[in-house]
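Single-structure report; data block below.
Throughout, read-outs are computed from the coordinates displayed, never taken from laboratory work. What you see is a predicted model; the values in this text were computed from it and never measured. All Cβ positions, even for glycine, are placed from backbone atoms using ideal geometry, and neighbour counts span all protein chains on display.
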């Protein structure tokens, strides 16, 4: 049974979002999912006249026509053959608009194209993306513009402190995503202190949830989880990082106060964020 049925891709016509659309088409084709391409019309001109009903309607009409032309062009690509494409265009703040469409369209996965950085200390995503990640009730895949993605034989690094165990919808999406990529999941346990946990018990819990797909366990000890993950990714063949969004997870407050700074760790890697 396919657990990824509806994929949402926000579009602003810039290179990162267009790349996300192409990635979504490839993924949708492999899992037989529908792709909804959404464009939010942001009100830049804050004047009384601008918000007249007729002006809003005209703006929506123009943007819908532009979106339809874009979708027709995308539909001609070979990777889009057999993929059901749907357009969505609303007037409002991008974050709120994206989250509302996600709920209305029963979205299973949101794919966001983002900027990238080779500098660990450089910001790679803005507050809008951070807002979407923080408030989304469905998994979000961040696709940096300079990341390398392959269709097959991918390794997904699931970073955890073993309190983060994929459950429910998140587990289903992770498994479906891994299967679509023929991927192995590498459960990377970050040991913050010098005390080793009860490995056999913890691995047994993960084995129950991930028995359907190939997986292995790796361990690193570092008081700074961000540095540990970054070093591990840069020294491995892994291509995708996966984390569970949790306030008190391995990187405390990752998706809350300092999200832009912390997410610099994934500058060259796609990041799959799962709801708790």
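Things worth noting here:
- Order of 90, 12, 108 under a 10 Å beta carbon neighbour criterion, fewest first: 12, 90, 108
- Extension gain for residue 184 to residue 134 (0.36 nm times residue separation, less C-alpha to C-alpha distance): 15.3 nm.
- With each label modelled as a point 7 angstrom along the Cα→C-beta vector, the residue 68-residue 2 pair spans 2.6 nm.
- Among 145, 240, 199, the order by Cβ neighbours within 10 angstrom, fewest to most, reads 199, 145, 240.
- Each label point was placed 7 Å from the Cα along the Cα-to-Cβ direction; for residue 76 and residue 198 their separation is 6.3 nm.
- If R0 is taken as 35 Å, the Cβ-Cβ distance between residue 216 and residue 87 corresponds to a FRET efficiency of 0.25.
- Extension gain, residue 22 back to residue 235 (0.36 nm per residue minus Cα-Cα distance, nm): 73.9 nm
- Arranged from fewest to most other beta-carbon atoms within 10 Å of their beta carbon, 172, 66 become 66, 172.
- Spacing of the modelled spin labels on residue 171 and residue 146, each 7 Å from Cα toward Cβ, amounts to 3.8 nm.
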